[in-house]
Amino acid sequence: MTRADFGGVGGKRMRLFFLHVRDGSELISDPEGSCFPDVVFAKSEAIHSARELMSQSVIRDGRLGIDRRFKITDQEGNIVAIVPREAVN
């Protein structure tokens with residue numbers, strides 16, 4: 001059994017995704033990952049997280065932090081989605 005074999009809501013299997021953040025030239029890795037039913041849910045969470053990061057950046061640094069985008073990978077490290085900054089608007 002892998003970490004991705006957790007039972008989900010209504011018996012739907014949850015999969016492990018990693019939401020890595022690309023901030024300009026820096027890649028901030030997600031070492032633990034999060035379980036979601038599918039890539040659509042993972043993308044939705046990435047958009048929500050990007051909005052939170054932008055808000056925190058404005059409060060902390062006075063900048064919007066629009067250079068950030070998410071690279072979503074599966075448990076094997078395969079890129080399953082890229083969430084560009086344009087998707088956050």
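Quick look at the numbers
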item: All positions within region 11-32 that are at pLDDT 90 or above and surrounded by 10 or more Cβ atoms within 10 Å (Cβ to Cβ); result: Met14, Arg15, Leu16, Phe17, Phe18, Leu19, His20, Ser29, Asp30
item: Selection from region 15-59 of residues that are among the acidic types (Asp, Glu), closer than 20 Å to Asn78 by Cα and outside any strand (DSSP E or B); result: Asp30, Glu32, Asp38, Glu45
item: Where a residue in region 26-40 is in contact (Cβ under 8 Å) with a residue 24 or more places away in the chain and its partner, wherever it lies, is in a loop (DSSP other than H, G, I, E, B) and surrounded by 11 or more Cβ atoms within 10 Å (Cβ to Cβ), with Cβ under 8 Å and at least six apart; result: Gly33/Gln75; Cys35/Phe6; Cys35/Gly8; Cys35/Met14; Pro37/Gly8; Pro37/Met14
item: Breaking point among (1) surrounded by 14 or more Cβ atoms within 10 Å (Cβ to Cβ); (2) modelled with pLDDT of 90 or more, for Gly8; result: (2)
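The values are calculated or read from the model by the stated rules, or taken from the named source; none is laboratory data. Note that the structure is predicted; figures quoted are calculated from it, not measured. Cβ atoms come from the backbone with ideal geometry, glycine included; neighbour counts cover every protein chain shown.
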